[in-house]
Amino acid sequence: MFFRAFLALCLLSSSVLAAAPGGVVAVSHPAAAAAGARMLAAGGNAVDAAAAVQFALNVVEPQSSGIGGGGFMMIYLAKTGETVIVDSRERAPAAARADQFAPDGLPMPFALASTSGLAVGVPGTLRGVDTALKRWGTQPLAATLAPAIELAGRGFRVNRFLAEDIANDDGRTALQPETAAVFRPGGVPLAEGGWLVQPDLAKTLKLIAAKGPNAFYRGPLARAIVKAQQRARSELGEAGRGRMTTADLARYEVAIRTPLMGRYRGWTLATMPPPSSGGLTMLETLGLLERFPLGDAAQGYGFGSAKTLHAMIEAMRLAFADRAVWIGDDDAAPVPRTGLLHPDYVAARSALIQSDGRMDTPQAGDPTPWEPAARPAPATRARAESPHTTHFAVVDRWGNVVTYTSTIEYTWGSGIMVPGYGFLLNNELTDFNFAPTADAAAGNPGANDVAPGKRPRSSMAPTMLFRDGKPVYAYGSPGGATIINSVLNVTLNLVDHGMTLQQAIDAPRLSVTHAAGRVSCEGGQAFMQPGFGLAAQEALRRLGHAGLGEAGTDGCGQTIGSVQAVSLDPATGGQDGAADRRREGTVVRLRR
Ligand code: GLU
């Protein structure tokens, strides 16, 4: 069919659209957004566009995602009304062992473990994108790689965010010579406005375009990946060497999953099931909150009121207590999904939230009575989280939608670049428990302990909100465990506070990621309106919440997540998008 499109690049605007939308792309970098728009303009669908965005992000946001990592791509198929997920999560190699991060019984320091080959999981992104294209796309893999090849070969302007991530990299871009040569040429970190050309990466992407994904998962490139991850940090010695073999790469497979479904105040949510904790924890938190009239200012609630924030904090603490204990890759160890979301279980947990004060640190609950077979609780540990990873969303002119969170785990992943091939390897295996928790005598299944072939527990939560069976919003965020709360904040802003999509993204977020945890909250950037007021913060301190600093000061100055989203209006057929100013969020809208 003849399709004429013209692009309207509307950076962070939310203008009303004409009646014949041709698709929308919302991405955290303008060049990657343009790559997706190019696919849509050429007649491609949302899956084609998502593939092009992902490959372009590998070039322009190399610190956050790429073919050396993994991710979760959720796709709504307009023709059938189905929603599917391509799970390209990294997997532990066959030689992985439960005690590999604690060989002498003592967990390795995260900074060392996460920058050694031992942390590298078998990458899934390329297999995932290729699978999605073959099943639901219309373009060949090579066409979706073309914009990324151009960006890598010709170069692009280094933006503020990339420059800051190099400057504040905890040394990660300086650890390995290949990584330093790209991001610190001649020992000088690339600065904003500099020009970055990546000839090795361009060559790799061309190779994949010519020969397909097997050029990555087999042959010389696979051997180069194996060799690169055999590097260990010298402090770790032999124990830090990666265990991936060419056989692990050759046997890597994605999983096609159905989304986890939930309800909140008349809306239906489709979100990410295990191996992510994202969907279950977010849905449980929403369930815990549903008895509070969060949107009703007349009852003392409403956006940013102490009553609303207190309820959110307590619900997060309860849900994260459960997350820490119960959730892992349930292809390897069963997760009590039914129990965690059962209305009776959720009601009993919600009753623990008191209006007059912070509860003592809650333990995980026991959702197993609602499961077919009872399973006792494993123990767990807290860990460092990185603010990175990336999320983008696409809708095409047919109403197909993609919401995709993609990662190499920590900012800069393991910091190991595959020599001669120009891409970074993930450190995803550090999302596992560092010390094994399985205990047969105590009935502890070790839900998130390392095991051969297993996927580490994630927090990524690509999500869609449906009304009357039709998708209305599709969104997600990076940010480690805070992902869950960024997605939750945006959901509350849309459903309870009646915000537009852009307002819901701009508004400051609040997050607690541990039962005993302190509050993190945003503020200090002009666009974060309405802010969390000093009076509300004071009230939270009086209720016993920590993390807000000294009385009388503004304790909300963090930055949490980076949400990209698209929206559809089922009544008019309209389409729109919104992006996050916390990075260089960009929306491209096309018209027919
Ligand atoms: N590894 C994290 C996860 O899968 C994502 C990385 C991040 O955003 O910190 O949940």
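Could you list all residues from region 417-466 that are within 16 Å of the ligand (Cβ to nearest atom), of a type outside the set (S, T, N, Q), modelled with pLDDT of 95 or more and not in a helix (DSSP H, G or I)?
Residues of region 417-466 within 16 Å of the ligand (Cβ to nearest atom): 424-434, 447-448, 450, 454-463.
From the residues that got through so far, the ones that are of a type outside the set (S, T, N, Q) too are 424-425, 428-429, 431-432, 434, 447, 450, 454-457, 460-462.
Of the ones still in play, those that are also modelled with pLDDT of 95 or more are 424-425, 428-429, 431-432, 450, 454-457, 460-462.
Answer for region 417-466, where residues must be within 16 Å of the ligand (Cβ to nearest atom), of a type outside the set (S, T, N, Q), modelled with pLDDT of 95 or more and not in a helix (DSSP H, G or I): 424, 425, 432, 450, 454, 455, 456, 457, 460, 461, 462.
Within region 380-416, which residues are of a type outside the set (Phe, Trp, Tyr), in a loop (DSSP other than H, G, I, E, B) and at pLDDT 95 or above? Before the answer, list the steps.
Taking region 380-416 as the starting set, the residues that turn out to be of a type outside the set (Phe, Trp, Tyr) are 380-391, 393-397, 399-403, 405-409, 411, 413-416.
With the extra rule that they be in a loop (DSSP other than H, G, I, E, B), the set shrinks to 380-389, 397, 399-400, 408-409, 411, 413-416.
Residues satisfying the conditions are 397, 399, 400, 408, 409, 411, 413, 414, 415, 416.
If we keep just the residues of region 467-499 that are in a loop (DSSP other than H, G, I, E, B) and more than 16 Å from the ligand (Cβ to nearest atom), which is nearest to residue 86 (Cα to Cα)? Walk me through it before giving the result.
Looking only at region 467-499, we keep the residues that are in a loop (DSSP other than H, G, I, E, B), and these are 468-469, 477-481, 496-499.
Right, trim to more than 16 Å from the ligand (Cβ to nearest atom) and you get 468-469, 496-499.
Numbers: 468: 24, 469: 21, 496: 30, 497: 32, 498: 31, 499: 30 Å.
Checking each candidate, the answer is 469.
Search region 265-293 for residues that are more than 20 Å from residue 82 (Cα to Cα) and within 14 Å of the ligand (Cβ to nearest atom) and pair each with any residue that is in a helix (DSSP H, G or I) and at pLDDT below 95 when their beta-carbon atoms are under 6 Å apart and the residues are at least 6 apart or on different chains.
277/323; 281/323
For residues in region 265-291 being among the small types (Gly, Ala, Ser) and within 14 Å of the chain's Cα centre (by Cα), which is farthest from residue 354 (Cα to Cα)? Outline the logic, then answer.
First pass over region 265-291, keeping only residues among the small types (Gly, Ala, Ser): 266, 270, 276-279, 287.
With within 14 Å of the chain's Cα centre (by Cα) added as a condition, the list becomes 276-279.
On the way: 276: 29, 277: 26, 278: 25, 279: 25 Å.
Among those that are among the small types (Gly, Ala, Ser) and within 14 Å of the chain's Cα centre (by Cα), it is 276.
Identify the single condition in (1) of a type outside the set (D, E, K, R); (2) in contact with a helix residue (DSSP H, G or I) (Cβ under 7 Å, 6 or more places away or on another chain); (3) modelled with pLDDT under 95 that residue 340 does not satisfy, given that it satisfies every other one.
If we test residue 340 against (1) of a type outside the set (D, E, K, R); (2) in contact with a helix residue (DSSP H, G or I) (Cβ under 7 Å, 6 or more places away or on another chain); (3) modelled with pLDDT under 95, just (3) comes out false.
Could you name every one of the helices (runs of 4 or more DSSP H) located completely within region 195-291 that has at least 3 residues being at pLDDT below 95, touching an Asp or Glu at 6+ places or on another chain (Cβ under 9 Å) and at positive phi?
Qualifying helices (runs of 4 or more DSSP H): none found.
Can you name the condition, by its number, that residue 134 falls short on among (1) under 24 Å from the mean Cα position of the chain (by Cα); (2) touching a residue at least 40 places away in the same chain (Cβ under 8 Å)?
Evaluating residue 134 over (1) under 24 Å from the mean Cα position of the chain (by Cα); (2) touching a residue at least 40 places away in the same chain (Cβ under 8 Å) leaves (2) as the failure.
State whether one or more residues within region 524-535 are over 23 Å from the mean Cα position of the chain (by Cα), modelled with pLDDT of 95 or more and not in a loop (DSSP other than H, G, I, E, B).
Yes, region 524-535 contains a residue that is over 23 Å from the mean Cα position of the chain (by Cα), modelled with pLDDT of 95 or more and not in a loop (DSSP other than H, G, I, E, B).
Looking only at region 533-555, decide whether some residue is among the hydroxyl-bearing types (Ser, Thr, Tyr) and closer than 30 Å to residue 438 by Cα.
Restricting attention to region 533-555, the residues satisfying the condition of being among the hydroxyl-bearing types (Ser, Thr, Tyr) are 553.
With the extra rule that they be closer than 30 Å to residue 438 by Cα, the set shrinks to none.
The answer is no; no qualifying residue exists.
Just give me the residues in region 502-518 being in a loop (DSSP other than H, G, I, E, B) and either in contact with a helix residue (DSSP H, G or I) (Cβ under 6 Å, 6 or more places away or on another chain) or hydroxyl-bearing (Ser, Thr, Tyr) (or both), in sequence order. Before you say what the answer is, go through the steps one by one.
Kept after step one, since they are in a loop (DSSP other than H, G, I, E, B), are these residues of region 502-518: 507-509, 512-518.
Hits for region 502-518 are 507, 509, 512, 513, 514, 515.
Could we say that residue 93 is outside any helix (DSSP H, G or I) and either surrounded by fewer than 16 Cβ atoms within 10 Å (Cβ to Cβ) or modelled with pLDDT under 95 (or both) here?
On the way: outside any helix (DSSP H, G or I): yes; either surrounded by fewer than 16 Cβ atoms within 10 Å (Cβ to Cβ) or modelled with pLDDT under 95 (or both): no.
No: the conditions fail for residue 93.
The values are calculated or read from the model by the stated rules, or taken from the named source; none is laboratory data. Remember, it's a predicted structure, so these values are computed and weren't measured experimentally. Note: ideal-geometry Cβ built from the backbone for every residue, glycine included; neighbour counts use all protein chains shown.
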